[in-house]
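The next block holds one structure in the form of structure tokens; read it before the comments.
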Amino acid sequence: MLTRENTVNLVLALLLLAAPLAANALGQPFYVTLATRIAILALAALGLNLALGLGGLVSFGHAAFFGIGGYAAGILSSHALSYEPMIFGLPGTVQMPVIWIVAVIAAGLVALAIGAISLRTSGVYFIMITLAFAQMVYYFAISWPAYGGEDGLSILVRNQFPGLNTMKPLSFFLVCYVVLLAGIGLFALIRASRFGAALQAARQNETRVATVGIHPYRIRLTGFVISAMITALAGALYADLNRFVSPSMLSWHMSGELIVLIILGGTGRLFGPLAGAALYVAFEFALGGLTERWQFFLGLILLGVVLFARGGLLGLLAGKAKHG
Amino acid sequence: MVEPVLQIDNLVKAFGALRATDGVSLDLRPGEIHALIGPNGAGKSTLIHQICGTVRQDSGTIRFAGEDIGALSTAERAQKGLGRTFQVSSLAPEFSALRNVMLAVQAKQGSSFGFFKPVMQDSSLVDPAMAILERVGLADRARLPAAELSHGERRQLEIAMALALQSKAFLLDEPMAGMGPEGSKKLTGFLDALRREAPILLVEHDMDAVFALADRISVLVYGKVIATGTVDEIRSNPTVRTAYLGDHA
Amino acid sequence: MTLALALEQLLNGIQLGVMLFLMAAGLTLIFGVMGLINLAHGSLYMVGAFACAAVAAWTGSFWLGLIASLACAAAAGAIVELAVIRRLYDRDHLDQVLATFALILIFSEGTRWLFGDFPLYLDIPALLQGVVTLPGDATYPVYRLAIIAVGALIALGLYLLIGKTRLGMRIRAGESDREMIGALGVDIRTLYTLVFALGSALAGLAGALVGALQSVQVGMGEPVLILAFVVIVIGGIGSIKGALYGALLVGVTDTLGRFLLPQLLALFVDPSQAGMIGGAMASMLIYVVMAVILAVKPRGLFPPAHA
């Protein structure tokens, strides 16, 4: 069905594909990298959007999962390049698909632990506790020197994807783009599913969900874990994009930015994270070119959006969100 | 005597010095409407909360379908077949009426962990939900968000959700509240038929409805049941008349 | 390990706890009265530190700087409340988080604009320089003891303010019943601005006091803010008493953990390993404590009755 929102979504998806293709043809790899950044940040925010937009779980700690994904890429590849086995004598790897699986499982387990405790609370407690746990992971990364501590860990050669030369910006972009589209597809499926119905209902009315016999806690915990896994996958890609991972990926600033991306785009909407990430990277690029202090203006814009334009970019372009 | 569906024994719940529920015992038998009446602040809502599990009792037992449910969570009690409506309508406001009922159908089927099949294309959810909406007279409002339904329609939707759970007993907390005379009459007729499906514990202020519907009435005052009996027994009970019915009789 | 060293670490822990209390008291008061989660509280801490450092450098007097820190932080708080925060009371927590996150960006970059990228330094005032001798012949800086004393005074002051004064009565009424306080004819908008400015002043004071121990720089408020969150989550959000106990618990646990864990581990593994693992474990310790407390009491140690 080609509603106005679907049209806007389609245009966004095509633009994100067309721009780097054109830039590549014109010999402007920088813009390909910019588009890759958009795709990866959109995927990270998409993950968070599952918890925040559908489940109403305002996690201020998703940087933890983003960073865990990043460190999975960094650690696995550093072991592969140095031929030093990891714990249990397992070898490292430079194969992205393997790295992704490790990133997703590792983040899922951490999210299970963090969620199990945090979801016993709600509202402002939940916000602060997720923030605090993410901070715990952050300080751990800083004070654990084995993988670079505060200085971070370089990925000397970008990890590989079977059949592609990922060192070519456009190839790596295409990998990220396809993963993003798959992520969006998964989000759409989950949103329309039984689980999605329960998750959204738990946001709207927790008591009601319990009264029909569904455990809100189990639903939310599952949603939180899936959400963390998607964000971790984005983190692994982000580390490969920068060929570097450091505690800054785990910082609370990152958690805040992920929320900002969702709000800039439009909360709970399928393409909100993509619209938000595109807008964010565009601000960063345009304002960053004008002034070193671009975050000052980002702050002003964000404040304006929160106070006066709650629907975000998609709210402006596609009208009010519809719920079936 | 038939085994009661729901049996409450000597239930106590205190908030500080206030004993909101003070040794309440009552039961709900198959096929009956058992009305629970009492002045505001008598502890009716607290009692309902304890039966549903949203408030935990200090002492006493709650048996449902032959099983002690006093330590179970709200969700577990609902799964056992305890269907409840709320004093203030409690729905998923953004969802359509249909999707609200579908949520209950899905819960009844016991499978909320499907991730890939769109619910709107799942006829095992849509069809039963639609049939129930038909039954409560909301079929033509099925696609409207719950938040846009009228007060009376939201009440009907609550009942539809309880029906979808195929409950073994209904706990209806003031279903008539805020309904016009027309709506009350329709709902009275509906509840009258509903008791054949499962017994109803009915908390209600509308005395006309209570007297028209109830097989038995319990009167709750200051957290205690001061009388239980048929409509006639309660009407003529002198304690009840002074304690509560005085202004009605 | 000597007794003197342990005592010194314990005092350091209490001093950190006192700082955290100044931050946490404002946060928890603002949440308790207005229902607002304020991420920009750390920015007000930074404003206090910068105001103190700038005025002290300009006038040569730490004490004038301290007054400036209180005044600037309170003024900044009041302005922010009037311009932004009061539009957020009716909004959900997500909006509050975002808007106050935006405020952090504005404050941080704005401060960089005014003062540049380099940290400022603030000297301990002459009156409070020097050390005192502790039992066991160790010495301890007078200034840190003074901070502990200030914290104790503020805690007492808040206790009296909230327990014994008309303003405190209004604050308590606001906590328990927002409708009622309106009905009492109290101008609730002014009350909210006052409470916000008070919380801001406490944060600014904390920033100024700590500024003499560390460098004064952009971003200094954020680690403290997050620790203060841990404090109020442990103590129970909205409870001043909880903030006090939570702050001392976090301050002492964190400080002693960093001191003791490596030593403890050194009994089992070789010292360099112990330092590394112990350091990493110590940095996570307070979060583990928080998790354990929440697992037992999800609403903190002293949850406010109405919540």
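With springs connecting C-alpha atoms under 10 Å apart, model chain C as a Gaussian network and identify which of C:Leu260, C:Leu244, C:Leu153 has the largest mean-square fluctuation. Taking springs between Cα atoms under 10 Å, the residue moving most is C:Leu153. Placing dummy labels 7 Å off each Cα toward the beta-carbon, the span from C:Val131 to A:Thr291 is 4.7 nm. Label positions at B:Arg241 and C:Ala75, each projected 7 Å from the Cα along the C-beta direction, are separated by 7.7 nm. Along the axis of the charge dipole computed for chain B (Cβ charges of +1 for Lys and Arg, -1 for Asp and Glu, origin at the Cα centre), the listed residues B:Leu11, B:Ser59, B:Leu194 are led at the positive end by B:Ser59. Give the dimensionless ratio obtained when the Cα radius of gyration of segment B:72-132 is divided by 2.2 N^0.38 Å. In units of the globular-protein estimate, segment B:72-132 measures up at 1.18.
Which ordering of A:His79, A:His62, C:His41 is given by a fewest-first count of other beta-carbon atoms within 10 Å? Could the numbers behind the result be given before it?
On the way: A:His79 18, A:His62 32, C:His41 27.
Least to most surrounded, the residues fall as A:His79, C:His41, A:His62.
When only alpha carbons are used to place a centre, segment B:58-117 and segment A:245-260 end up 39 Å from one another.
Let me know the whole percent of all Cα-Cα pairs from segment A:4-318 that are separated by more than 37 Å.
That fraction is 13 percent.
Can you tell me what share of the DSSP beta bridges in the protein assembly as shown is antiparallel? A percent to the nearest 5 is fine.
On the way: 28 of 45 bridges.
Counting DSSP beta bridges with both partners in the protein assembly as shown, the antiparallel share is about 60 percent.
Bridge orientation summary for chain B: considering DSSP beta bridges with both residues in this region, about 55 percent are antiparallel. If one puts a single equal scatterer on every Cα of segment C:3-218 and applies the Debye formula without solvent, what log₁₀ I(q)/I(0) results at q = 0.09, 0.17 Å⁻¹? Taking Cα atoms of segment C:3-218 as identical point scatterers yields -0.40, -1.17.
With angles folded into 0 to 90 degrees, how steeply does helix C:166-176 sit against the dominant principal axis of chain C? Use alpha carbons for both and round to 10. That works out to roughly 90 degrees.
Rounded to the nearest 0.05, what FRET efficiency is calculated for A:Tyr147 and B:Glu233 with R0 set to 51 Å and r the Cβ-Cβ distance? Present the calculation step by step, with values, prior to reporting the outcome.
On the way: r = 79 Å, r/R0 = 1.54.
Result of the calculation: an efficiency of 0.05.
Between A:Leu300 and C:Ser61, the simple label model (points 7 Å from Cα in the Cβ direction) yields a spacing of 3.7 nm.
Under 15 Å from a label point set 7 Å out along the Cα-to-Cβ vector of C:Leu10, the amide N atoms of segment C:137-163 belong to C:137-140.
Among the trypsin sites (Lys or Arg not before Pro) in segment B:164-249, those located in a DSSP loop and surrounded by at most 13 other Cβ atoms within 10 Å of their own Cβ are B:Arg196. Under a Gaussian network description of chain C, with springs only between Cα atoms under 10 Å, the residue in C:Leu248, C:Leu44, C:Leu127 that fluctuates furthest is C:Leu127.
Using the 2.2 N^0.38 Å rule of thumb for compact globular proteins, work out how the protein assembly as shown stacks up: its C-alpha Rg over that value, please. Before the final figure, lay out the partial values.
Details: Rg = 30.4 Å, N = 880, 2.2 N^0.38 = 28.9 Å.
Against the compact-globule rule of thumb, the ratio is 1.05.
Ordering B:Leu201, A:Leu112 from the fewest to the most neighbouring beta carbons within 10 Å gives A:Leu112, B:Leu201.
A Stokes-Einstein calculation at 4 °C with viscosity 1.567 mPa s, built on the Kirkwood radius of segment B:99-249 over Cα pairs, returns a diffusion coefficient of 75 µm²/s. Checking every one of the chymotrypsin sites (Phe, Trp or Tyr not before Pro) in segment A:75-118 against DSSP loop status and a limit of 16 other Cβ atoms within 10 Å picks out A:Tyr83. For B:Lys13, the lysines whose Cα comes closer than 19 Å to its Cα, not counting residues fewer than 8 places off in the same chain, are B:Lys44, B:Lys224. Counting only lysines at least 8 places from B:Lys108 when in the same chain, those with an alpha carbon closer than 20 Å to its own are B:Lys80, B:Lys117, B:Lys168. Once the convex hull of all Cα atoms in segment A:173-263 is built, its volume per residue stands at 109 Å³.
Rounded to a whole number, what is D in µm²/s for segment B:1-155 from Stokes-Einstein with the Kirkwood radius over alpha-carbon pairs (4 °C, 1.567 mPa s)? Answer from the Stokes-Einstein relation: 73 µm²/s. Measuring spread by the Cα atoms of segment A:242-308 yields a radius of gyration and Dmax of 12.6, 39 Å.
Segment C:1-64 and segment A:75-118 have Cα centres spaced 39 Å apart.
Using a Gaussian network for chain A with springs between C-alpha atoms less than 10 Å apart, which of these wobbles most: A:Thr93, A:Thr211, A:Thr231? In the Gaussian network model the winner is A:Thr211.
Values quoted throughout were computed directly from the atomic coordinates according to the rules given, and no laboratory measurement underlies them. Bear in mind that the values here come from a model prediction, so they are computed numbers and not experimental data. Cβ coordinates were reconstructed from backbone atoms using ideal geometry, including for glycine residues, and neighbour counts include every protein chain displayed.
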